[in-house]
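Have a look at the structure below, then the notes.
The values are calculated or read from the model by the stated rules, or taken from the named source; none is laboratory data. Worth saying up front: this structure is predicted, and the values here are computed from it rather than measured. Ideal geometry is used to build each Cβ from the backbone, glycine not excepted, and the neighbour counts take in all protein chains shown.
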C-alpha cells in the first residue's frame, strides 16, 4: 500500500514541481523589477491570502475526504451520498466567500488603513485581493473532489493552467510597462485574479452538473468534524505566515523593506516546500481512507522515516549551495541569504508534524489540532515578540523554527499518549544528526578554506557520502526501484 502512496506522491510531485517552478519564475522577475519595499507589499498580501482561504474553507477539505470514505463504508447509494456531501461543502464555502468579499469591498478604506501606510492610497488593492480569495474559495472543494476521485492529472492540469495564465499575464503586464504606472504593484493582483476566475470557470466542467446546495443536517455533522480543523488550521496557517505580519508591525524602521527581503529568501526554499506540498496532496486523502488500524500505524511510521530522509537530502542540497540559490532573487534581496538554513529547518519540521497529525484526523479527534497549532502560535508570538525587534527578519526565521519545533513536540507527546505509533525515532534522529554534522563540517571548511571551489568540492563530496549512507543504511535497492519505475 505504501507503493500506492509513493505512486500518488510521484504523480503529484512531478507535476507539482513543474507547476510551482512556473509560479516561482515570478520571484526572480518581481525581485528585479520591484524594490524591497514594493516587493514587501507582494509578500504581505500573499501572507494574508492563505489566512483568508483557511478561514473560508473551514476545514471542509479534510472533512470531504473523511466523509467520502465514511459514505463508502456505509454502502447504499454511495454516489448520491457523495454528491450530497459535495454540494453541501461546496455550498457553505461558496456562501462564506461571497459574504467575505462583500465585507471587504464595503469596508475597503478602513481595511486599507489597518493594513498600513503602503495601502492607504490604493484601497482598490483590497477589492482585487478580495476577488482573488472569492474565486479561489469557490474552486477549493471541486479541486478536493478531484483529489478524492484520484483524478490527479485533471487536478494538476487545471492548477498548471492557473499558474501559466498568471505568469503569462504578469510578464505581459511588465512588457507593457504597466508595473511602472501609478497602479503599480496592483497589476500583480489583477494577473492573479484573471487566472483565478478563468480557472474557476474551467473547473466547473468537472462537477457533473452538481450545484452548491446545503443540506443542513449533513452540514451539522460535517461541521462538528471540521470546526476543530478550522480553528487548528487558522492557528497553523498563522504559524506559517504571521511572521510576515510581525515584521511589518515590530521592526522599528524599514519594515516593508525587511518584509520584502524575508519574503524573497523564503521563496528560495522552493524545493523543500515543493516536496512538502506534493507529499501532503498525496498523503492526506491516502491516510484518511479506510485502512485497518494496524495497516495505518505501520504505513504512517514508515512514511515519516522516508519523509525525513528525503527532507534532509533537500536541506543539505539547498543549504550547502545557498549562494547559488541566492541568484534566484534580485541583487538587492541577497543580503538575507544567511537565514536560509533556518527557514529550511522549519520547513522540514512542518512535514514531520503533518505526519503526526494524520492519526487524530483519522480517529475524528480533530480538536487536538487546536492543541498542536495553538502551541505553535504561542511559540511564534513569544519568540517573535522577543527576537524580531532585535534581529528583524533573522529573528522572524528563528521564531518560525521555534513554532514548528513546538508543534512537533506537542504532536509527539499526543501521539505517545493517545495513539502509540512505532515511529523509528532512533533511526530518524540518527539521520537528522548526521545531516547536521555534515552541514556543520561544510560550514567550517567554507569559513577556513577561503576558496569557493575548494569549499564547493568538499560540499559535493560530503553530500554524496550522506546520500550513499542513507541508501546503505536502509538497504535500498536503487536498481529495483528504477526497474519498477520503468515497468510502470
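Remarks
- Single residue of the range 417-456 satisfying the filter (in a loop (DSSP other than H, G, I, E, B) and touching a helix residue (DSSP H, G or I) at 6+ places or on another chain (Cβ under 8 Å)) that is surrounded by the most Cβ atoms within 10 Å (Cβ to Cβ): 423
- Filtering the range 166-186 to residues that are free of Cβ contacts under 8 Å to residues at least 60 places away in the same chain and under 24 Å from the mean Cα position of the chain (by Cα) leaves 168, 169.
- Helices (runs of 4 or more DSSP H) fully within the range 110-207 that include at least 1 residues being within 26 Å of residue 63 (Cβ to Cβ): 124-148, 152-175, 186-203.
- Pick from the range 62-80, criterion surrounded by 17 or more Cβ atoms within 10 Å (Cβ to Cβ) and closer than 17 Å to residue 223 by Cβ, ranking: farthest from the chain's Cα centre (by Cα): 71
- Candidates are the residues of the range 195-233 that are crowded, with 20+ Cβ neighbours inside 10 Å and within 21 Å of residue 98 (Cα to Cα); the one that is farthest from the chain's Cα centre (by Cα) is 222.
- Of all residues in the range 457-471, those that are over 20 Å from residue 431 (Cβ atoms) and surrounded by 15 or more Cβ atoms within 10 Å (Cβ to Cβ) total 1.
- Residues satisfying the stated conditions in the range 90-123, i.e. in contact with a helix residue (DSSP H, G or I) (Cβ under 7 Å, 6 or more places away or on another chain), touching a residue at least 60 places away in the same chain (Cβ under 8 Å) and surrounded by fewer than 22 Cβ atoms within 10 Å (Cβ to Cβ): 94, 116, 118, 119, 122
- Residue 397 being in contact with a helix residue (DSSP H, G or I) (Cβ under 7 Å, 6 or more places away or on another chain), crowded, with 16+ Cβ neighbours inside 10 Å, touching a residue at least 60 places away in the same chain (Cβ under 8 Å) and closer than 21 Å to residue 341 by Cα: yes
- Check on residue 416, more than 21 Å from the chain's Cα centre (by Cα) and over 17 Å from residue 300 (Cβ atoms): no
- Filtered by the rule that a residue be crowded, with 17+ Cβ neighbours inside 10 Å and farther than 22 Å from residue 403 by Cβ, the range 290-304 gives 291, 296, 297, 299, 300, 303.
- Failed condition for residue 227, given (1) touching a helix residue (DSSP H, G or I) at 6+ places or on another chain (Cβ under 9 Å); (2) closer than 20 Å to residue 407 by Cα; (3) at pLDDT below 90: (1)
- Qualifying residue in the range 407-416 (condition: surrounded by fewer than 16 Cβ atoms within 10 Å (Cβ to Cβ), modelled with pLDDT under 95 and over 24 Å from residue 234 (Cβ atoms)): yes
- The range 445-460 residues that are in contact (Cβ under 8 Å) with a residue 24 or more places away in the chain and at negative phi, paired with ones that are assigned to a loop (DSSP other than H, G, I, E, B) and buried (at least 17 other Cβ atoms within 10 Å of the Cβ) (beta carbon under 7 Å, 6 or more apart): 459/320
- Some residue of the range 40-56 being buried (at least 19 other Cβ atoms within 10 Å of the Cβ) and at pLDDT below 90: yes
- Residue 234 vs. criteria in contact (Cβ under 8 Å) with a residue 60 or more places away in the chain, farther than 30 Å from residue 53 by Cα and assigned to a helix (DSSP H, G or I): no
- Flag for residue 315 being under 23 Å from residue 411 (Cβ atoms), buried (at least 19 other Cβ atoms within 10 Å of the Cβ) and at pLDDT 75 or above: yes
- Filter result for residue 222 (farther than 20 Å from residue 405 by Cα, touching a residue at least 60 places away in the same chain (Cβ under 8 Å), assigned to a helix (DSSP H, G or I) and in contact with a helix residue (DSSP H, G or I) (Cβ under 8 Å, 6 or more places away or on another chain)): yes
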